[in-house]
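Report on the following structure.
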Amino acid sequence: MPTLERLIDLMCDPRVARDDELPSTGIPLERERALSAAFIDTPEYGTCGTAALRVVANGNVLSIAIAERSDDNGLHRIVRPGDFERSFAFNVEHQPDDLAA
């Protein structure tokens, strides 16, 4: 199972699709190419943050983990590559009768 950091790394891929893989949406081809990347980086538009979420059920416990990488340096300025990261992990326990309503 890949780590959350690895999943975020995969989403930060700037490669664009081949022209024959692009949909015909009516926007200019150059724009369509740029928007086909998992991580969009153009002078006027782009990905500002990426998050990964994992939920694992084990009996009555859900284990939840979240990781985020942002290109906003906290001052609302974009910094490439992003260096602001945070993560959270917690468990949620429930009893079978908690779901009865």
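The values are calculated or read from the model by the stated rules, or taken from the named source; none is laboratory data. All figures in this text were calculated on a predicted structure; none of them were measured in a lab. Glycine also receives a Cβ, built like all others from the backbone with ideal geometry; neighbour counts cover every protein chain displayed.
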Which of the residues that make up region 1-60 are part of a strand (DSSP E or B), charged (D, E, K, R) and out of contact with any Pro (no Cβ under 6 Å at 6 or more places or on another chain)?
ARG54
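When residues of region 2-19 are filtered for being more than 23 Å from SER70 (Cα to Cα) and either exposed (fewer than 10 other Cβ atoms within 10 Å of the Cβ) or within 13 Å of the chain's Cα centre (by Cα) (or both), how many remain? Spell out the reasoning first.
Residues of region 2-19 that are more than 23 Å from SER70 (Cα to Cα), as a first pass: 17-19.
Filter again for either exposed (fewer than 10 other Cβ atoms within 10 Å of the Cβ) or within 13 Å of the chain's Cα centre (by Cα) (or both), leaving 18.
Adding up the residues that qualify gives 1.
With modelled with pLDDT of 90 or more, surrounded by 11 or more Cβ atoms within 10 Å (Cβ to Cβ), touching a Ser or Thr at 6+ places or on another chain (Cβ under 7 Å) and among the hydrophobic types (A, V, I, L, M, F, W, C) as the only criterion, which of LEU53, LEU62, LEU22, LEU35 stands out? Spell out the reasoning first.
Working: LEU53 fails: touching a Ser or Thr at 6+ places or on another chain (Cβ under 7 Å); LEU62 fails: touching a Ser or Thr at 6+ places or on another chain (Cβ under 7 Å); LEU35 fails: touching a Ser or Thr at 6+ places or on another chain (Cβ under 7 Å).
So the residue among LEU53, LEU62, LEU22, LEU35 that is modelled with pLDDT of 90 or more, surrounded by 11 or more Cβ atoms within 10 Å (Cβ to Cβ), touching a Ser or Thr at 6+ places or on another chain (Cβ under 7 Å) and among the hydrophobic types (A, V, I, L, M, F, W, C) is LEU22.
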